[in-house]
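Read the figures in this text as sums done on the coordinates, not as results from a lab. Values in this document were obtained by computation on a predicted structure and should not be read as measured data. Counting neighbours? That spans all protein chains shown, and the Cβs are built from the backbone with ideal geometry, glycine included.
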Amino acid sequence: MINVVIADQQAIFRAGIAKVLAVEEDIRIVGQPQSSEQLLNVLEKLRSHVLILSTSFLPVLPAVQEIANARNVALLMLIENTATASDFMRMGAQGVIYRSASGNVVVEAVRCLSRGEPFLQGPNMEDEVSEDLVGARVKDRLSDRELRIIAAVVQGYKNRDIANQLFTSEQMVKNALRNIFDKIGVSDRLELALFTIHHRILAQATAAVPPAPVQRRNGQNHDTRAMAATPPTAVN
């Protein structure tokens, strides 16, 4: 069961989201705080997996993130239709949806975050995407090795970890990333991750990449997966 907290000072939106989620058998609403004090109290006392947080609570975002990180609660930002979703991903949110999001998008976002997957709704994204032509074209330009690197970047790996996975050098990974940036038309790791998340065909292709190999060090198994605590920002 996915326990969800909905924090929005606008009662009509809070009620609307609750109505959408309440009919899902695998989702349970455990709190609907209306004030900052109630929000922090709910996060401290109730067991939740996903927090849907509106931008009206931005003044207490650092305190919210501190508690959420300590209790392993994923943060799904609910933002105004005129805002830029990537700005909130840079602030540390695991997911972003707009107030205009359909019920299907809200449900999908909650389920993605509960599985530890990020979710980004583009400002002009159709609620139901039947064909991702851009993602398909980009995928066709990329080699299997480049897809593996993209998958690692999306998961938060550093260049050193990626190099260990591919049994190559950090410089080779840096060179490969620059080629990937040029092919896709992005400027840094965060833009690459957001582009991948937004385009389903590319996201599915990277998700299909086999898991990182486990290397042996000093006679013991060593998992090379060292997840980054902050979003990817630079080639280094």
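The set of residues in segment 89-120 being part of a loop (DSSP other than H, G, I, E, B) and either under 13 Å from residue 53 (Cα atoms) or without any contact (Cβ under 8 Å) to a residue 40 or more places away in the chain (or both) consists of 91, 92, 93, 94, 99, 100, 101, 102, 115, 117. Evaluating residue 150 against the criteria (1) over 27 Å from residue 29 (Cβ atoms); (2) more than 18 Å from the chain's Cα centre (by Cα); (3) surrounded by 13 or more Cβ atoms within 10 Å (Cβ to Cβ) leaves one unmet condition, (2). Taking residue 74, is it in contact with a helix residue (DSSP H, G or I) (Cβ under 7 Å, 6 or more places away or on another chain) and among the aliphatic types (A, V, I, L, M)? When the stated conditions are applied, residue 74 passes them.
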